[in-house]
Amino acid sequence: MLKINREYIMSDATNEFEAISTIHGALEPLNDEARTRVLTYIANLLSINSADLHIRDVAAESVGGEDIQGRDTSKFAKQIQNFSTFAELYATANPKSNGEKALVAGYWLQECQGGDSFTGAAANKELTNLGHKLLNITDAVETMKRKKPMLILQIKKTGSGRQGRKLYKISQEGVNRVLVMVGG
């Protein structure tokens with residue numbers, strides 16, 4: 001019969017609960033983007049590999065009712081690294097809406113091609129090459145910006161008025177969403 005050290009288990013559980021309570025209290029007043037930045041920073045500070053974390057994708061829940069809690073997204077990330085072309089990524093992700101098409105194109109430019117950010121024009125060029133040109137890429141990106149949490153972030157605008165060029169970045173939630181699309 002296995003003998004369990006109850007004192008050790010209770011102490012460990014108590015310490016974990018206190019840490020969760022403290023972190024929750026600190027994050028509660030922040031918005032979703034700030035929470036993501038704080039958690040990402042802390043994970044990096046503590047040398048926690050994000051691929052080792054199990055992720056619950058809130059963005060996927062809001063669209064399809066999926067809950068990937070407990071699914072390790074690292075296998076999806078490895079699968080994406082094996083795509084040598086945008087066409088392969090696009091076909092596997094199989095985006096349904098214009099917003100999802102923009103998200104997958106942005107993911108390709110930012111994550112797979114190593115860019116820090118992307119423009120709507122560059123994303124639409126990738127889509128055009130596949131025969132999926134969007135009539136208004138800005139509207140498609142705006143739908144992803146309006147999601148809670150935001151899947152695409154606008155980080156810069158140059159020029160004035162409607163003709164100004166905008167620079168975008170896929171949020172961590174957006175990255176997770178593409179991982180779910182590829183893996184699910």
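The values are calculated or read from the model by the stated rules, or taken from the named source; none is laboratory data. Only a predicted model underlies this, so the values are computations on that prediction, with no experimental measurement involved. With ideal geometry, Cβ positions are generated from the backbone for all residues, glycine too; neighbour counts draw on all protein chains shown. Keep in mind that these areas ignore ligands, DNA and RNA; they rest on the heavy atoms of the full protein, side chains included. Shrake-Rupley method; radii C 1.70, N 1.55, O 1.52, S 1.80 Å.
Quick notes on this structure:
- Protein heavy-atom surface of segment 120-163, 1.4 angstrom probe: 49% of the accessible area is carbon and sulfur, with nucleic acids and ligands not counted.
- Taking other residues whose beta carbon is less than 10 angstrom from the beta carbon of THR158, and scoring Lys, Arg as +1 and Asp, Glu as -1, yields +4.
- With semi-axes defined as the square roots of five times the eigenvalues of the C-alpha gyration tensor, the equivalent ellipsoid of segment 126-175 measures 18, 17, 10 Å, largest first.
- Cα principal axis extents for segment 93-184, largest first, Å: 41, 29, 24
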